[in-house]
Amino acid sequence: MTATQSSPWPAPTASGPVAAAVTVPGSKSVTNRALVLAALAAGPGLLRRPLRSRDSALMAGGLTALGVGIEEGAGPAGAEEWRVTPGGGLRGDAAVDVGNAGTVMRFLPPVAALADGPVRFDGDPRSHERPLHGVIDALRALGARIDDTARGSAGALPLTVHGTGALRGGPVEVDASSSSQFVSALLLSAPRFDKGVELRHTGERLPSLPHIRMTVEMLRAAGAEVEAPEDSGEPNVWRVAPGPLRGRDLTVEPDLSNAQPFLAAALLTGGRVTIRDWPRRTTQPGDALRAIFTEMGGSCELVTTADGTDLVFTGPSAGSSAGGVRGIDIDLSEVGELTPGIAAVAALADSPSRLRGVGHLRLHETDRLAALTQEINGLGGDVTETEDGLEIRPRPLHGGVFHTYDDHRMATAGAVLGLAVEGVRVENVETTAKTLPDFTGMWTGLLAGADTGPGAAPGAGAPAAARRD
């Protein structure tokens with residue numbers, strides 16, 4: 001199943017500098033990890049302000065199929081809350097729809113190995129092309145029985161995990177060079193394995209390390225004993241001891257990667273955008289946007305308010321001595337999900353860019369390197385795909401249809417291009433519902449100068465700072 005498609009969406013062009021405040025919905029990465037940990041805990045848990053999107057709904061649906069209770073409601077302040085009640089034991093004889101969600105297709109098979117009976121996994125056509133061999137091979141080495149040859153080839157969906165109520169665990173080697181989610185998937189369920197896990201990454205460079213750090217931090221907060229490479233001094237080795245997990249009361253951070261298009265709007269228009277509730281300390285890869293977009297010509301500051309901390313980001317003003325939006329030469333291996341938005345900004349910069357270390361993006365929701373090259377060049381751009389990234393030479397762009405390939409980050413990249421290029425029409429913009437519900441409404445509100453996003457109070461512009469740090 002894919003998002004419902006309509007006619008291409010006409011991306012609005014900015015008439016001047018934007019000035020708005022944005023409340024970004026909760027982090028998908030935190031929400032889906034928290035759901036798994038809560039489902040495996042010894043007692044109930046509570047998620048405050050979780051992301052409600054297609055990916056998180058698929059994760060919740062998969063866990064519910066395994067017998068986990070997930071009750072949705074609103075807290076005293078009106079913010080959404082999900083109460084998670086683990087079952088007495090995970091049930092088998094279930095079917096899980098993964099859609100095209102990497103976290104669901106990779107995080108839930110280890111959980112299913114702990115269920116009592118077979119659990120069948122399938123999803124969107126693109127999910128059949130995305131790598132799962134790391135998780136499948138590792139689970140087999142740890143004692144699981146998995147059928148993954150329904151389409152004649154192993155290592156991908158559809159598949160069936162034959163759960164027995166327990167998993168032996170122990171040492172295992174994984175090549176996670178195509179996706180850090182292979183590591184996170186095994187670590188999240190490891191406290192429930194009889195022997196825990198000692199996981200060693202054996203491949204080349206491991207991408208998206210911040211997401212693994214997020215997994216480790218959340219495991220520890222739930223009571224797990226975890227030894228990471230920075231603790232032991234052993235590169236690429238993680239150890240998780242067997243033991244109970246505790247249910248938590250967790251408030252989900254805003255999704256900082258989903259703040260990217262709104263920050264890009266300030267950068268490209270010379271405006272100012274405030275992102276509400278930006279955490280001072282986080283493991284989210286999106287936090288790197290502060291440094292990346294500053295290097296590309298903007299400036300930012302964290303502002304302490306009565307309710308927490310906001311990020312105020314300002315783009316270069318016209319005639320600034322610092323120049324306009326600058327190109328960048330950068331290794332994005334740890335923050336690959338930011339590549340589409342950075343590529344869109346780079347196509348509008350005043351100097352060339354080189355984006356490196358992201359060859360693994362060919363295996364994401366779509367082949368993002370090929371897709372960005374095709375679509376930006378289709379608007380008159382000059383992008384060359386390299387072995388591990390993109391080279392972007394800015395040229396005047398023109399309007400046209402920007403295809404998304406059912407990829408939410410391609411859709412937001414198209415919207416960013418439309419800020420400066422008249423006539424850009426984004427095909428299947430609805431795919432943004434994967435992680436950013438009502439993106440088009442938020443985008444329209446941004447350009448109107450409104451306080452926009454879930455739960456945002458009506459009003460215009462970014463607020464005055466209470467205290468700047």
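Quick rundown of the values:
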| read-out | value |
| --- | --- |
| Beta bridges per DSSP with both ends in the chain, % antiparallel, nearest 5 | 65 |
| Acute angle (nearest 10 degrees) that the helix 28-39 long axis makes with the longest principal axis of the chain, alpha-carbon atoms | 20 |
| Mean Cβ count within 10 Å, highest first, over the residues of peptides 89-101, 213-225, 56-68 | 56-68, 89-101, 213-225 |
| Furthest towards positive pole of dipole, His211, Ala41, Ser257, structure part the chain, Cβ charges | Ala41 |
| Sequence ranges 35-43, 329-337, 137-145, ranked by mean other-Cβ count within 10 angstrom, highest first | 35-43, 329-337, 137-145 |
| Rel. contact order, % - alpha carbon contacts under 8 angstrom, at least six apart, region 28-251 | 21 |
| Surface/4 estimate of mean projected area, convex hull on alpha-carbon atoms of region 1-113, nm² | 9.8 |
| Range of Cα positions in the chain per principal axis (Å), largest first | 66, 50, 47 |
| Between helix 209-221 and the chain: long-axis angle, C-alpha atoms, 0 to 90°, nearest 10 | 50 |
| On Cα atoms only, tilt of 368-378 relative to the major axis of the chain in degrees | 20 |
| Estimated dipole of the chain in Debye, rounded to 20 [Cβ of Lys and Arg +1, of Asp and Glu -1, Cα centre] | 560 |
| Residues of region 162-186 with amide N under 15 Å of the 7 Å Cα→Cβ point at Glu225 | 170 |
| Radius ratio Rg over Rh of region 166-316, counting only Cα atoms, Kirkwood formula for Rh | 1.07 |
| Descending semi-axes in whole angstrom, ellipsoid equivalent of region 320-435, from the Cα gyration tensor | 20, 18, 12 |
| Furthest towards positive pole of dipole, Leu66, Pro76, Leu159, structure part region 28-251, Cβ charges | Pro76 |
| Region 105-213: GluC sites (Glu not before Pro) in DSSP coil with no more than 15 other Cβ atoms inside 10 Å | Glu204 |
| For region 110-213, alpha-carbon Rg relative to the globular expectation (2.2 N^0.38 Å, N residues) | 1.03 |
| Value of D in µm² per second that Stokes-Einstein yields for region 28-251, Kirkwood Rh from Cα pairs, at 10 °C (1.306 mPa s) | 93 |
| Tail beyond 18 Å, pair distance distribution of region 318-381 (Cα, percent) | 38 |
| Computed magnitude of the charge dipole of region 28-251 (debye, nearest 20; Cβ of K, R +1, Cβ of D, E -1) | 240 |
| ³J(HN,Hα) computed for each position of region 132-140 - Karplus, 6.51 cos²θ - 1.76 cosθ + 1.60, integer Hz, glycine/proline x | 10, 4, x, 6, 4, 4, 5, 4, 4 |
| Efficiency of FRET between Glu72 and Glu217 - r from beta-carbon atoms, R0 30 angstrom, step 0.05 | 0.70 |
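Each reported figure results from applying straightforward, stated rules to the coordinates on display, with no laboratory input. What you see is a predicted model, and the numbers here were worked out from it, not measured in a lab. Here Cβ is always computed from backbone atoms with ideal geometry, including for glycine, and neighbour counts include all displayed protein chains.
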